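One structure is given here, and the rest of the page talks about it.
The values are calculated or read from the model by the stated rules, or taken from the named source; none is laboratory data. Since this is a predicted model, take the numbers as computed values, not measurements. So basically every Cβ, Gly included, is an ideal-geometry build from the backbone, and we count neighbours across all protein chains shown. Side chains are part of the model used for accessible areas, which takes the heavy atoms of the whole protein and leaves out ligands, DNA and RNA. Shrake-Rupley method; radii C 1.70, N 1.55, O 1.52, S 1.80 Å.
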Amino acid sequence: MNTGLKSKTSAQVADLISTNPVASVVSDPRLKDNPIIACNQAFLDLTGYSEDEVVGRNCRFLAGPGTEPWLSERMRDCIRVPKAVLVEILNYKKDGTPFRNAVLVAPIFDEDGELAYFHGSQVELDESSDSPEITRRERASVAVQGLSPRQREVLKLVAGGLRNKQIAWELGLSEKTVKMHRGLAMEKLGTQSSADMIRLAVEAGL
């Protein structure tokens, strides 16, 4: 990995994807063209690229001749805002194999509320399944409805890229209380990481 870029990644952000079984990358919008600064093994396994071929590039390198330009533009629009976005787009692996990719891009803000990174995760969809996007959204909506109102509030702010301290300030709670609600929400949703929680929140339309 490019050590100059790697040094810009906080340990917390690197840990966010290193332990995630879902293919994930982190990009830095403060650098020219919002390049990827970290990726996990699951991403390399999914795409067939090596780490050196990924770090330093914008995620658009996964696009190809069949990639839907309107979906690419939708992601760019949400990145400009910034806000979380989930799209199912046609991407290509290193060997040229096309695959339907459920891409989630979510902002991560620093302690001062400034945009620090984008976290992107990718899930290869089974083309033989019927309306996978609708099915996942329905499941996510049902799961989120099982949360308490406060847990949904916390989940929505987590999906917005806020940290526990920022969520505590927004809701007028202690950071300890936020952590409690966040943990309970994660348990009820059956998610293993913050990245999984964010994906489910976006799928549910929060």
Single residue of Phe99, Phe109 found to be out of contact with any His (no Cβ under 8 Å at 6 or more places or on another chain), over 29 Å from Ser50 (Cβ atoms) and among the aromatic types (Phe, Trp, Tyr): Phe109
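Tell me, which helices (runs of 4 or more DSSP H) wholly within region 67-185 include 1 or more residues that are among the aliphatic types (A, V, I, L, M), open to solvent by less than 20 Å² (accessible area, probe 1.4 Å) and in contact (Cβ under 8 Å) with a residue 40 or more places away in the chain? I'd like the intermediate steps shown before the answer.
Numbers: elements: 69-80, 132-145, 149-159, 164-171.
Hits in region 67-185: 132-145, 149-159.
Out of everything in region 186-196 that is open to solvent by less than 40 Å² (accessible area, probe 1.4 Å) and not hydroxyl-bearing (Ser, Thr, Tyr), what residue ends up being nearest to the chain's Cα centre (by Cα)? Talk me through it step by step, then tell me what you get.
Of region 186-196, the ones open to solvent by less than 40 Å² (accessible area, probe 1.4 Å) are 189, 191, 193-196.
From what's left, not hydroxyl-bearing (Ser, Thr, Tyr): 189, 195-196.
Details: Leu189: 17, Ala195: 6, Asp196: 8 Å.
Taking the candidates together, the pick is Ala195.
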Out of Leu115, Leu104, sole residue that is closer than 22 Å to Ile198 by Cβ and over 14 Å from the mean Cα position of the chain (by Cα): Leu115
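Looking at Leu44, Leu31, which one is in a loop (DSSP other than H, G, I, E, B), hydrophobic (A, V, I, L, M, F, W, C) and open to solvent by 20 Å² or more (accessible area, probe 1.4 Å)? Give the steps one after another, and end with the answer.
On the way: Leu44 fails: in a loop (DSSP other than H, G, I, E, B).
When all the criteria are applied, what remains is Leu31.
Looking at region 42-51, which of its residues are touching a residue at least 24 places away in the same chain (Cβ under 8 Å) and within 21 Å of Asp15 (Cβ to Cβ)? Please lay out each step first, then the result.
Start the filter on region 42-51 by keeping residues that are touching a residue at least 24 places away in the same chain (Cβ under 8 Å), which leaves 43, 46-49, 51.
The answer is Phe43, Leu46, Glu51.
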